[in-house]
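To start, the structure under review is shown below, and the notes come after it.
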Amino acid sequence: MSKLQALAVTFVFLFPMALFADQIVLKNGDRLTGTIEKSDDKTLIIKTEFAGEVTVQWDAVQEITSTQKLHVNLNDGKTVAGTVTTSDGNLTIATADAGPVTQPKGSVTKIFGEAEQAAYEKSLHPGLLEGANVGFGLTRGNSQTKNLALAFTANRKGWNDKLSLYTNSIYAANDAPGATPATTANAVQGGIRYDHDLTPPLFAYVGADFQTDALQTLDLRSVFGGGLGWHAIKNDRTTLDLLGGADYTREKYSALPSRSFAAISAGEELSHKLGMNTLLTEKLYFFPNLNDTGEYRATFNFGTVTKISKWLGWQNAFGDIYVTNPPAGAKQNDILLTTGLNFSFTH
């Protein structure tokens, strides 16, 4: 092997990332090599081989050299795609059809790598991810009882928004002759919420929740509200949102006076992946009553779903609604516990 050939082989083995990866150079001279994932007018994210995802300030980026095709969104609404180089504060995009296109760095609003661009295009036409939970119990002999628990959830996640729907119900009865009460549980809960991102960490939301409970003679509790939320943690495994706003509650009872009141709301929502197959969710909300100082309502929900296959899983859910001033004859706590098989469907 000649000296020239040996030098070429050494170069290839010592600098593979420089040859086959994207590279950015910062104003302080630092270089990062990897895969450019995305950027807005504030930060750029590059995935490196040894440090994982690295986020740098967009203003600190001096040069960009990409080996993959990048999709560059401009402030005039246009998008150009191709490999990117920089010179004198300008980005040159080598497009396949129009040739090199040069734009000032300040005109760039977003940059997407190939994977992020595919995810973005998919998010423009998101579908519903639906799940149903079914549990049934029956005893006969010395005990004669039956119970049925049903739950349904649906989520539609877009690039900047999310639509969530849920409902759960439980029915239980004691079939023994002369049992009082014959119906021991008959409650239904459901709701809908829409979130829209205002900035990367800040979002606004509106929603409505509904509940009936035959044993409390609660024909319908309707709660309408909205407010602002903050993504305190948001990554592939964990999401923690802090929320605050206001709501209006209307309660109608068949055997008790109806009532209405306004409240402020404060809460947090956690979603965390445990390993590869289990998703844990938790929500805690506090609603101080504005019409009656010192009174409040609190809700807590905790659940897990463990995947058995792509469409089948095992789900557990616990919910508690606490009211400081329930109607006469009603208890302060409403607890709902369900467990059973979960069926997932994607549209």
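The values are calculated or read from the model by the stated rules, or taken from the named source; none is laboratory data. Only a predicted model underlies this, so the values are computations on that prediction, with no experimental measurement involved. Note: ideal-geometry Cβ built from the backbone for every residue, glycine included; neighbour counts use all protein chains shown. Please note that ligands, DNA and RNA were not included when accessible areas were found on the heavy atoms of the full protein model with its side chains. Shrake-Rupley method; radii C 1.70, N 1.55, O 1.52, S 1.80 Å.
Laid out as a table, the results:
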read-out: Conditions (1) of a type in the set (A, V, I, L, M); (2) surrounded by fewer than 14 Cβ atoms within 10 Å (Cβ to Cβ); (3) within 20 Å of Asn289 (Cα to Cα); number of the one not met by Ala255; value: (3)
read-out: Residue in the stretch 206-217 that is open to solvent by 80 Å² or more (accessible area, probe 1.4 Å) and not β-branched (Val, Ile, Thr) present; value: yes
read-out: Among the residues listed as Gly244, Gly225, the single one being in contact with a Phe, Trp or Tyr (Cβ under 9 Å, 6 or more places away or on another chain), free of Cβ contacts under 8 Å to residues at least 24 places away in the same chain and open to solvent by less than 50 Å² (accessible area, probe 1.4 Å); value: Gly244
read-out: Selection from the stretch 258-279 of residues that are of a type in the set (A, V, I, L, M), in a strand (DSSP E or B) and surrounded by fewer than 16 Cβ atoms within 10 Å (Cβ to Cβ); value: Ala262, Ala266, Leu274
read-out: Search result, residues across the stretch 213-250 that are at pLDDT below 90, touching a strand residue (DSSP E or B) at 6+ places or on another chain (Cβ under 7 Å) and part of a strand (DSSP E or B); value: Asp213, Leu218
read-out: Qualifying position, being in contact with a helix residue (DSSP H, G or I) (Cβ under 8 Å, 6 or more places away or on another chain), aliphatic (A, V, I, L, M), open to solvent by less than 60 Å² (accessible area, probe 1.4 Å) and over 30 Å from Glu53 (Cβ atoms), among Ala149, Ala187, Ala173, Ala182; value: Ala187
read-out: Close pairs (7 angstrom Cβ cut-off, 6 or more residues apart or separate chains): within 22 Å of Glu37 (Cβ to Cβ) in the stretch 80-97, charged (D, E, K, R) and in a strand (DSSP E or B) anywhere; value: Thr86/Glu63
read-out: Among the residues listed as Thr346, Thr339, the single one being open to solvent by 80 Å² or more (accessible area, probe 1.4 Å), at pLDDT below 90 and touching a strand residue (DSSP E or B) at 6+ places or on another chain (Cβ under 9 Å); value: Thr346
read-out: Residue satisfying condition, being part of a strand (DSSP E or B) and more than 19 Å from Ser265 (Cβ to Cβ), within set Ile335, Ile321; value: Ile335
